[in-house]
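Structure first, then comments.
The values are calculated or read from the model by the stated rules, or taken from the named source; none is laboratory data. Here the structure is a predicted model, which is why all the values come from computation and not from measurement. Cβ: placed from backbone, ideal geometry, glycine included. Neighbour counts: every protein chain shown. Just so you know, the surface numbers come from the protein's heavy atoms only, side chains and all, with ligands and any DNA or RNA stripped out. Shrake-Rupley method; radii C 1.70, N 1.55, O 1.52, S 1.80 Å.
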Amino acid sequence: MAQQSQIVITGNVGREPTRLGAQGGTPMCTFRLASTRSFWNRRTRQWQESPTTWITVKAFRTLALNVMQSVKKGDAVIVVGDLVTETWERDGAQRSAIAIEAAYVGHDLNRGASMFVRTQNGGGGSGGG
């Protein structure tokens, strides 16, 4: 049985979605998501915020095209996808970072209103790379 690390995260888009890869290749985009957990402190009787978690979100194919058209810096969004660890080498040292390969991205309607516009081909292929 394959293990999946699927995650659901809400937050605010911290950077405009950017297209990656060659024009004419498989559409892919990335953006940074800021997620800050709030909690009620019973002792101080006030809401408090934990430090902000920043994570890179990647989208592929039709989802990438729709994200680039629909999502803007500052938007409140919900992202569902697979948690992945990316590794690379820089200056002889192994580096790693956690990212989300998005399967779904949408506006968080608890924080605002949105309008859905169906794409010509009806969507279809979301999913990661």
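What residue, of A102, A93, A113, A22, is within 15 Å of the chain's Cα centre (by Cα) and without any contact (Cβ under 8 Å) to a residue 60 or more places away in the chain? Outline the logic, then answer.
Details: A93 fails: within 15 Å of the chain's Cα centre (by Cα); A113 fails: within 15 Å of the chain's Cα centre (by Cα); A22 fails: within 15 Å of the chain's Cα centre (by Cα).
A102 is the lone residue from the list that is within 15 Å of the chain's Cα centre (by Cα) and without any contact (Cβ under 8 Å) to a residue 60 or more places away in the chain.
Given the options A97, A102, A113, name the one that is open to solvent by less than 70 Å² (accessible area, probe 1.4 Å), aliphatic (A, V, I, L, M) and either assigned to a loop (DSSP other than H, G, I, E, B) or at pLDDT 95 or above (or both).
A102
Which one is most open to solvent (accessible area, probe 1.4 Å), of the residues in the range 7-48 that are outside any loop (DSSP other than H, G, I, E, B), out of contact with any Gly (no Cβ under 7 Å at 6 or more places or on another chain) and among the aliphatic types (A, V, I, L, M)? Full working, then the answer.
Step one: of the range 7-48, the residues outside any loop (DSSP other than H, G, I, E, B) are 7-13, 18-20, 28-35, 38-41, 46-48.
Subset that is out of contact with any Gly (no Cβ under 7 Å at 6 or more places or on another chain): 8-11, 18-20, 29-31, 38-41, 46-48.
Going one step further and asking which of them are among the aliphatic types (A, V, I, L, M), we end up with 8-9, 20.
On the way: V8: 100, I9: 25, L20: 60 Å².
Selected residue: V8.
Taking the range 49-92 as the search range and keeping residues that are in a strand (DSSP E or B) and farther than 22 Å from Q6 by Cα, which one is least open to solvent (accessible area, probe 1.4 Å)?
If we filter the range 49-92 for residues that are in a strand (DSSP E or B), which is where we start, we get 49, 53-60, 76-90.
Subset that is farther than 22 Å from Q6 by Cα: 49, 88-90.
Working: E49: 139, W88: 94, E89: 129, R90: 124 Å².
Filtering the range 49-92 for residues that are in a strand (DSSP E or B) and farther than 22 Å from Q6 by Cα, the one least open to solvent (accessible area, probe 1.4 Å) comes out as W88.
Of everything in the range 19-34 that's at pLDDT below 95 and among the polar types (S, T, N, Q), which residue is nearest to A102 (Cα to Cα)?
T26
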